[in-house]
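S.K.: Handing you this structure, nothing more for now.
The values are calculated or read from the model by the stated rules, or taken from the named source; none is laboratory data. Computed from a predicted structure; not experimentally measured. We place every Cβ from the backbone using ideal geometry, glycine too, and count neighbours over all the protein chains shown.
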Amino acid sequence: MVGLRRAGVFGRLLISLLFAFACGFAHAGCIESPDPAIRRLQALAVADPNKALASVQVMLARSKRADSPVGKVAWLYAVRAEAYSALELDADARTAAAEGMKLVPDASAPVRLALFTIDAENVYDAEGMAEAKRNVEAVRAGGDLQPAVQRCLMITLGMLQFRENRADLAITTLTQAYRAADAAGDMRQRMLAASPLANVMRELGDYRQALALNAELVEWNAAHDETLTLSVSRYLRGIILHEMHEYDAALLAYANARALSVTLGDEQGVAFADMRVCQVLIDLEEIPAARKRCEDALKIFAASGTVDVIKQTRSLLAQVELAEGHADRALAILNDILANGAVDMPPREVAPLFKHRADANAARGNLAAAYRDLGEYMRRYTNTMETRRVRQVAALRARFEIDREIDRNATLQRQLAESEHRRVELQRRTWLAITAGSVAVLLLTALLISARRHRRQLALLANFDALTELPNRRHTSQLAEAALERSVRGGEPLTIALIDLDHFKTINDRSGHAGGDEVLRKFARLTRANLRATDTFGRWGGEEFLVAMPGTTLDVALAIVERVRAAALTIEVPGSGEAMRVSMSAGLAVSELQQGSLEALVARADIALYRAKHDGRNIVRIDAASVDAATSGIRRALG
């Protein structure tokens, strides 16, 4: 059974997922044969798939002459399918699985279930994945399956969900499979769940968990001489480290993966490692070395005719051409890649291509074309990031529910154990003592519930503003500090907006404090409706508010705050006796990635807010230091 083909394993094609995702793994069949000889072949399909195919071919030929049992022949087809999957030959894997399933019509037979899972895991088109998911769920619901088989089906389902860009569903399914295998003491199945789960964590930005799961995989692969899987696991480690901007460590991980691919004679693995090294070297501005790696990878990809990875490698070469001052060559490459709108590439990978083409057009003086491309880049980037954030929030909520369920089950087990102990003890007492004890328990329970309710009310009063129901200044500061710490740790920007309602004293004078309070409540509701779930929004004091926007560059933050500013203009001042317009001024400042405190960041935003007030109010101004530190692309977008 193979989670994702190497072309998907090494960043090739994940339908409707992020391009270059590098998800998946190769491993022995999740459902093992009862025959020791077949189990050895299943392990060989991972360690040396070509050798496994040769052995299976000989055994199939021998089985025809010896009239072997149908079940054994079906298991041989399962091994063949597993080996083809390890070699990224998805169509061949599905063909072998189909041949094996023809021999075993019984849907509950272990060998048919093994063939079924291999077939499902080698589906990559959207329609096929949807059908495969329905089939897996039907099998899970339709029979009395062994726990080990149920766990295998859950792993398959989780990978299909993730391949459909549903990390929020996949994290629940795969975490349950991982924990179930751990509870059952089945380390092999635990590793089968750990591989795709590591990719889910990476996609959610939880790099600590992703690296921990990846470390488990590397240790397991090395201990069991699973060279191909070890190559994939080290390659995935490189991608996680690269996204964390740990460039030296990422290069080392890619070098280890490449060396293993060389020993296996796996040219595709070597090409993917070279392509990824090229990408890191571009980030490090080591352009000549990057060109050599990308050109070597492109030769191998061109021979295999894989369109998407060829385009990805050529887009890296376009960046090399730009860095070397060959804007015309870069433009020719990017025009060719984007000729059909790059519909054969995942959306997240397409957005940067428009930015690179904007840079190439600008270098050649094609300013109108550069402006169009930059606008398209901003549109696609914003849509992609919004979609990703929605998925992340849903997935994190799913993680919370899983952890809460685990805690609830553990608490229930403890309560059951305590209850049993108490029952034995109470049997030794008189009915009077039992009654007294029951009353005491009821009284204590009532007191506990009352105390908890009181603590919740105190916490609410301590953390939230009673008028606007927003976090108060102290709690807002805590939330923003945490957001800043996460942004620095994740290497992402954090943009702060300090907002002040214009002429608020006049509003209070004309409509009274009750009218002013109503304006504040309306502004709080409208602003919350126009912010994202990941943004922190709180009352900073009086008519002043603070918004912290993690992972948000200046241009995106400006668009969000402008949306809030436009919404504020719709607020009617109650009892003013005339058409009075509510407006707001705002100052923006973005954090430096590895330094700075929240206090300093707010102070910079406050200076920008002062400029907005000085320049006439009802406008948004940006801290000068933030603009100076921004990339040229962001400055052009702001302009």
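S.K.: If I filter region 529-539 down to residues being in contact (Cβ under 8 Å) with a residue 40 or more places away in the chain and either buried (at least 18 other Cβ atoms within 10 Å of the Cβ) or of a type outside the set (A, V, I, L, M) (or both), which single residue comes out as farthest from Pro493 (Cα to Cα)? Give the steps one after another, and end with the answer.
M.R.: Initially, region 529-539 is screened for residues in contact (Cβ under 8 Å) with a residue 40 or more places away in the chain, giving 532-534, 536-539.
Checking the rest, the ones that are also either buried (at least 18 other Cβ atoms within 10 Å of the Cβ) or of a type outside the set (A, V, I, L, M) (or both) come to 532, 534, 536-539.
Working: Arg532: 16, Thr534: 14, Thr536: 14, Phe537: 17, Gly538: 20, Arg539: 22 Å.
Out of the qualifying residues, it is Arg539.
S.K.: Something else: Which residues, taken from region 33-55, are touching a residue at least 60 places away in the same chain (Cβ under 8 Å) and over 23 Å from Ser261 (Cβ atoms)?
M.R.: Ser33, Pro34
S.K.: For region 291-301, state whether one or more residues are under 26 Å from the mean Cα position of the chain (by Cα), of a type outside the set (Val, Ile, Thr), modelled with pLDDT of 90 or more and at negative phi.
M.R.: Step one: filter region 291-301 for residues under 26 Å from the mean Cα position of the chain (by Cα), giving none.
For region 291-301, residues under 26 Å from the mean Cα position of the chain (by Cα), of a type outside the set (Val, Ile, Thr), modelled with pLDDT of 90 or more and at negative phi: absent.
S.K.: Taking the residues in region 548-590 that are closer than 30 Å to Ala600 by Cβ and of a type in the set (Asp, Glu) as candidates, determine which candidate is surrounded by the fewest Cβ atoms within 10 Å (Cβ to Cβ). Can you show your working first?
M.R.: Within region 548-590, the subset closer than 30 Å to Ala600 by Cβ is 548-568, 583-590.
This time we only want the ones that are of a type in the set (Asp, Glu), so: 555, 562.
On the way: Asp555: 22, Glu562: 14.
Checking each candidate, the answer is Glu562.
S.K.: Then there's this: What residue, of Leu217, Leu241, is under 24 Å from Met187 (Cα atoms), modelled with pLDDT under 95, touching a Phe, Trp or Tyr at 6+ places or on another chain (Cβ under 9 Å) and crowded, with 22+ Cβ neighbours inside 10 Å? So that I can check it myself, show each step before the final result.
M.R.: On the way: Leu241 fails: under 24 Å from Met187 (Cα atoms).
Every option except Leu217 fails the conditions.
S.K.: Checking the conditions here, which among Leu174, Leu192, Leu197 is closer than 17 Å to Ala86 by Cα, crowded, with 24+ Cβ neighbours inside 10 Å and in the same structural domain as Leu87 (by TED's automatic domain parsing)?
M.R.: Details: Leu174 fails: closer than 17 Å to Ala86 by Cα; Leu197 fails: closer than 17 Å to Ala86 by Cα.
On inspection, the qualifying residue turns out to be Leu192.
S.K.: Would you mention how many residues in region 271-288 are under 18 Å from Ala330 (Cβ atoms) and part of a helix (DSSP H, G or I)?
M.R.: Number satisfying all stated conditions: 8.
S.K.: Could you check Gln268 against (1) surrounded by fewer than 15 Cβ atoms within 10 Å (Cβ to Cβ); (2) in a helix (DSSP H, G or I) and say which number it fails?
M.R.: Going through the list (1) surrounded by fewer than 15 Cβ atoms within 10 Å (Cβ to Cβ); (2) in a helix (DSSP H, G or I), Gln268 breaks only (1).
S.K.: Of the conditions (1) in contact with a strand residue (DSSP E or B) (Cβ under 9 Å, 6 or more places away or on another chain); (2) closer than 30 Å to His245 by Cα, Gly633 fails just one. Which one is it?
M.R.: (1)
S.K.: So which residues in region 97-128 are within 24 Å of the chain's Cα centre (by Cα) and buried (at least 24 other Cβ atoms within 10 Å of the Cβ)?
M.R.: First pass over region 97-128, keeping only residues within 24 Å of the chain's Cα centre (by Cα): 120-128.
Scanning region 97-128 gives Ala120, Glu121, Asn122.
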